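Visitor: Here it is, the structure in full.
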Amino acid sequence: MNATVKGDVETMGFALEKPVKNIIVNDSVKIDYIEKDGILIASRVAKVTLKKKEIKPAEATSASGKK
């Protein structure tokens with residue numbers, strides 16, 4: 001198993017039993033997987049749509065750091 005963690009992002013390598021459509025590099029995905037003989041095998045891959053965090057005007061700050 002090959003995994004690296006940087007900040008709150010974990011990068012893992014998976015083997016696929018069949019090609020996955022409509023997913024490109026840097027897409028966020030949810031993966032269901034099993035481990036067999038030390039290899040992570042993806043059984044289901046689903047694209048995840050991340051919602052942008054909304055900032056309320058009262059929470060916004062200027063470049064000087066003052067509200």
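Read-outs: derived from the displayed coordinates by stated rules, not from any lab. Note that the structure is predicted; figures quoted are calculated from it, not measured. Note that each Cβ is placed from the backbone with ideal geometry, even for glycine, and that neighbours are counted across all protein chains shown.
Visitor: Fully extended, how many nm does the chain gain between Ser43 and Met12 (0.36 nm per residue separation, minus their Cα-Cα distance)? List each step's numbers first, then the result.
Guide: Values: separation 31, 0.36 × 31 = 11.16 nm, distance 1.45 nm.
Full extension from Ser43 to Met12 adds 9.7 nm.
Visitor: Taking amide hydrogens as modeled 1.01 Å from N in the peptide plane, which residues meet the under 5 Å criterion relative to Val29, leaving out close sequence neighbours?
Guide: Residues meeting the criterion, in which the H sits 1.01 Å from N, are Val48.
Visitor: Search the structure for amide H atoms under 5 Å from the amide H of Leu40, placed 1.01 Å from N in the peptide plane, and list their residues when 5 or more places away or on another chain.
Guide: Hits under the 5 Å cutoff: Ala15.
Visitor: OK, next. Suppose each label sits 7 Å from its Cα in the direction of the beta carbon; what would the Lys36-Thr4 distance come out to in nanometres?
Guide: 2.8 nm
Visitor: Using θ = phi - 60° and the Karplus curve 6.51 cos²θ - 1.76 cosθ + 1.60, what whole-Hz ³J(HN,Hα) does each residue of segment 30-37 get, with Gly and Pro shown as x?
Guide: So the J values, rounded to whole Hz, are 10, 10, 9, 8, 10, 10, 9, 6.
Visitor: Around Val45, under 13 Å between beta carbons, what's the net of Lys plus Arg minus Asp minus Glu among the other residues? Please report the intermediate quantities before stating the final value.
Guide: On the way: positive: Lys18, Lys21, Lys30, Arg44, Lys47; negative: Glu17, Asp27, Asp32.
Charge balance near Val45 sits at +2.
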